[in-house]
Amino acid sequence: DFSGNLLSVSPQRAKKTYEHGAMLIDYEDSGAVVVDVGSYTTKAGFSGDDAPKVVFPSDVGIVRKDASNFQTYLGTNELSFRRDGMEIKQPFVDGRIDDWDLYESLLTCVVSKQLGVSTKAHPMMIAVPAFVDARRRERTLEICMEKLGCPAMFLAKSPVLTTFASGAHTGLVVDSGHQMTTVTPVHEGYALRKSCIWNNKAGHRVSMEILRMLEASAEPIRPRYTFSRNRLPDGRSELVVHDYPNTHHSYHRWALLEIVDEIKEKQFYIPEAPINPTDMANLPKQKHVLPDGSTLALGPERVSIPELMFQDNGTPEPSIQEMILQSTLKCDQDLRQLMTKTTIVTGGNTLIEGFVKRLEKELTGKFPSVSKARPVVAPAGAAERKSSVFLGGSILASLGTFQSMWISTSEYQESGSAIALKKCP
């Protein structure tokens, strides 16, 4: 058990030479690569780093020449450049890897192109959700060992890494990201999978509700690729609208969702307590300037749409506070009290204004007897909350006490992919 050493060991790279098959790796010189492939962005860097060196979209652009021949495009710059027929895809469906070729492309891009190092020269720690099944964990190990040629690797549960980043090793981790919201109890550095609760009431769900609202409005929302500006002799600019009939519908939606996410970040919020329908209808409208210069007036929807995260009625999935209650009750009785002491909040969707305060209020209602003793731990900075999984991995991979946990190539050759279930519980 390496979790107990967290608070006493600083996140410095551990100087240790460790034999993996025929290769000797000096961790202080090479540094383990830490990768968190999320459903919205991929974060990557080296053990001991206090922030990821690489953050880029987990979307992949695909231009098909025929059924078996295609070109992939990754990263913000390549995705932002519109191409005829370019389809936008993701390797994930409901937080689980569904397209292994795209996943391998992302890993190769992040290590070889973005970090600029060889996958064969660095141990690799990859974060995986707690609810991911055994076969997908084994397949991830197979790709890293057989296709990327990693000398060693480790599959770390995302909620466990979040607790490390927060300076704790026991608590209830609430992770609301792009595709999924998960609630996972972590005890002494181990995720309690049987008590994990998850659903897709998360950031993408909120964004799609906003997009539906915008598409129903009278004025069209123009993605950035559909217009340009010409400078007139008098200094004014003229909007020029372009028509690209060969644009794939998935790319058009991807470009629209970029604007939706900007609107969500600046205009939408969650009140500390539910607002009754009469007061909701009287909320003042706020104007938002769109990229093409037109203005959008937003009223009650600024509150009503993100409110779905805390609603039990009207949606098939439970609210986030109900998920916390269910997860706590699924723990063994002797652990429930421990889990009610600390709630750790992470994920980009929790950055909606008012999310944390509302969660604290709801938890007071769900757990009145322990409300004062149940602090909600949430990094104040957006970067820290979005990158807590990476930060925890950076700390864990740098601990000297962790180095024996790596799965070496010799261990993989001897035991096969099943070693992932034994060494990465």
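The values are calculated or read from the model by the stated rules, or taken from the named source; none is laboratory data. Everything numeric in this text was worked out from a predicted model, so none of it was measured. Cβ: placed from backbone, ideal geometry, glycine included. Neighbour counts: every protein chain shown. Surface accessibility is based on the protein's heavy atoms, side chains included, excluding ligands, DNA and RNA. Shrake-Rupley method; radii C 1.70, N 1.55, O 1.52, S 1.80 Å.
Return yes or no: is Glu188 more than 21 Å from Ile395 (Cβ to Cβ) and surrounded by fewer than 23 Cβ atoms within 10 Å (Cβ to Cβ)?
Criteria not met by Glu188.
Take the residues of the range 325-372 that are more than 26 Å from the chain's Cα centre (by Cα) and β-branched (Val, Ile, Thr): which is modelled with the lowest pLDDT?
Val370
Which condition breaks for Leu296 when tested against (1) open to solvent by 40 Å² or more (accessible area, probe 1.4 Å); (2) within 30 Å of His242 (Cβ to Cβ)?
(1)
For the range 110-123: of the residues being in a helix (DSSP H, G or I) and open to solvent by 10 Å² or more (accessible area, probe 1.4 Å), which is nearest to Gln413 (Cα to Cα)?
Top of the filtered list is Ser112.
Somewhere in the range 378-385, is a residue under 16 Å from Lys43 (Cα atoms), crowded, with 19+ Cβ neighbours inside 10 Å and under 18 Å from the mean Cα position of the chain (by Cα)?
The answer is yes; a qualifying residue exists.
When residues of the range 294-306 are filtered for being touching a helix residue (DSSP H, G or I) at 6+ places or on another chain (Cβ under 9 Å), free of Cβ contacts under 8 Å to residues at least 40 places away in the same chain and not basic (Lys, Arg), how many remain?
Count: 5.
Starting from the range 234-258, take each residue that is over 20 Å from Gly293 (Cβ atoms) and list its partners that are at pLDDT 95 or above and β-branched (Val, Ile, Thr), counting only C-beta distances under 6 angstrom and pairs at least six apart or across chains.
Filtered contacts from the range 234-258: Ser250/Ile88; Tyr251/Ile88; Trp254/Ile88.
Which of the residues spanning the range 185-228 are of a type in the set (Phe, Trp, Tyr) and under 24 Å from the mean Cα position of the chain (by Cα)?
Residues satisfying the conditions are Tyr190, Trp198.
Give me the pairs, please: first residue somewhere in the range 93-117 and at negative phi, second residue anywhere and in a helix (DSSP H, G or I), beta-carbon distance under 7 Å, and either six or more positions apart or on two chains.
As it stands, the answer is Arg96/Arg136; Ile97/Tyr103; Ile97/Arg136; Trp100/Arg139; Trp100/Ile143; Glu104/Ile143; Glu104/Lys147; Val117/Val111, since those pairs meet every condition given.
Tell me whether the range 223-244 contains one or more residues that are in contact with a Lys or Arg (Cβ under 6 Å, 6 or more places away or on another chain) and at pLDDT 95 or above.
yes
For (1) open to solvent by less than 40 Å² (accessible area, probe 1.4 Å); (2) modelled with pLDDT of 95 or more; (3) aliphatic (A, V, I, L, M); (4) over 17 Å from Gly365 (Cα atoms), each residue gets a yes or a no:
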position	(1), (2), (3), (4)
Glu272	no, no, no, no
Lys285	no, no, no, yes
Pro306	yes, yes, no, yes
Gln311	no, no, no, no
Met323	yes, yes, yes, no
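Determine which member of the set Lys16, Lys89, Lys65 is among the basic types (Lys, Arg), out of contact with any Phe, Trp or Tyr (no Cβ under 7 Å at 6 or more places or on another chain) and at pLDDT below 95.
Result: Lys65 is the single residue among Lys16, Lys89, Lys65 that is among the basic types (Lys, Arg), out of contact with any Phe, Trp or Tyr (no Cβ under 7 Å at 6 or more places or on another chain) and at pLDDT below 95.
Looking at Arg231, Arg236, Arg224, Arg212 in this structure, which one is open to solvent by 40 Å² or more (accessible area, probe 1.4 Å), within 24 Å of Pro316 (Cα to Cα) and charged (D, E, K, R)?
Only one candidate passes the filter, namely Arg212.
Across the range 85-100, what is the total count of residues that are in a loop (DSSP other than H, G, I, E, B) and closer than 19 Å to Phe70 by Cβ?
Of the residues in the range 85-100, 6 are in a loop (DSSP other than H, G, I, E, B) and closer than 19 Å to Phe70 by Cβ.
Need the failing condition index for Ser10 against (1) outside any loop (DSSP other than H, G, I, E, B); (2) modelled with pLDDT under 95; (3) surrounded by fewer than 20 Cβ atoms within 10 Å (Cβ to Cβ); (4) not charged (D, E, K, R), just the number.
With (1) outside any loop (DSSP other than H, G, I, E, B); (2) modelled with pLDDT under 95; (3) surrounded by fewer than 20 Cβ atoms within 10 Å (Cβ to Cβ); (4) not charged (D, E, K, R) applied to Ser10, the lone miss is (1).
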